[in-house]
Amino acid sequence: MPAKSPCRVGAGVLLSAIALTACGGPSVRTVKPRSVEKANPAPATASPSSSSSTSSDAKAQKDVLSTYFSFMGDWNMAAFNPADQGTKLSNHATGQALKLITADVQRARREGTIGKGPLQFAPAVSHLDLQSQPATAFIDDCVDATKYLKYSASDGSLVGTPDADTRLQHVTAHLVAVEGSWKVDELHIYQPGSCR
């Protein structure tokens, strides 16, 4: 039987606003984020024009992954703290990705929800082109969102029923170099179970 291609879903399925890791249970209202849980990224595949990874490629790959984690961290803070209106989202995002996460934060504010719980990331730079104008990179990630849950921002109670199944979701990100730094330009989040 041929494999089905994953369907894209809205950000709310994976991230009713993304939470990387946060302390406290439902009754705790103080935001005390811990460090981002980073899996060891797999080595990137360089662009077809390059047969071996150069030191500039290695630095660019490191910068791309750092930007991706910072992007997720900005989203985390906006998702976890009801007072955060997402003012830092544009630090590491632009284009479609910025529109997607801004809309997601605004939706959570309207619903009166926050997201918290650990998400585990395993990103890898799948393509890097430093010769294009602007330079571009692609990230493939498999996010484990099993323990990520939505809570009421007003009283900390759980919203909905937690899934009993593991939620591994394929996430892709397209990054572009903007004025000397990388930004996530496009973000696609696929349905639960879509990791390859």
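Here, each number is a calculation from the coordinates, and none is a lab measurement. Values in this document were obtained by computation on a predicted structure and should not be read as measured data. We place every Cβ from the backbone using ideal geometry, glycine too, and count neighbours over all the protein chains shown.
Other residues whose C-beta falls under 9 angstrom from the C-beta of MET77 contribute a net charge of -1, scoring Lys and Arg +1 and Asp and Glu -1.
Counting charges near ALA108 (Lys, Arg +1; Asp, Glu -1) among other residues having Cβ under 13 Å from its Cβ returns a value of +2.
The order of the peptides 127-138, 104-115 by mean Cβ neighbours within 10 Å, most packed first, is 104-115, 127-138. The alpha carbons of region 147-196 give a radius of gyration and a Dmax of 16.2, 44 Å, in that order. If you plug the beta carbon distance of ALA83 and GLN133 into 1/(1 + (r/R0)^6) with R0 = 41 Å, you get a FRET efficiency near 0.55. In a fully extended conformation the segment linking ARG107 and SER126 would gain 3.7 nm over its present Cα-Cα distance, using 0.36 nm per residue.
Would you report the distance distribution of C-alpha pairs in region 68-196 as whole percents per 10 angstrom bin, up to the bin with the largest distance? Pairs per bin, as whole percents: 13, 39, 35, 11, 2, 0. Please compute the net charge surrounding LEU175, taking Lys and Arg as +1 and Asp and Glu as -1 over other residues with Cβ under 13 Å from its Cβ. So the surrounding residues net to -4.
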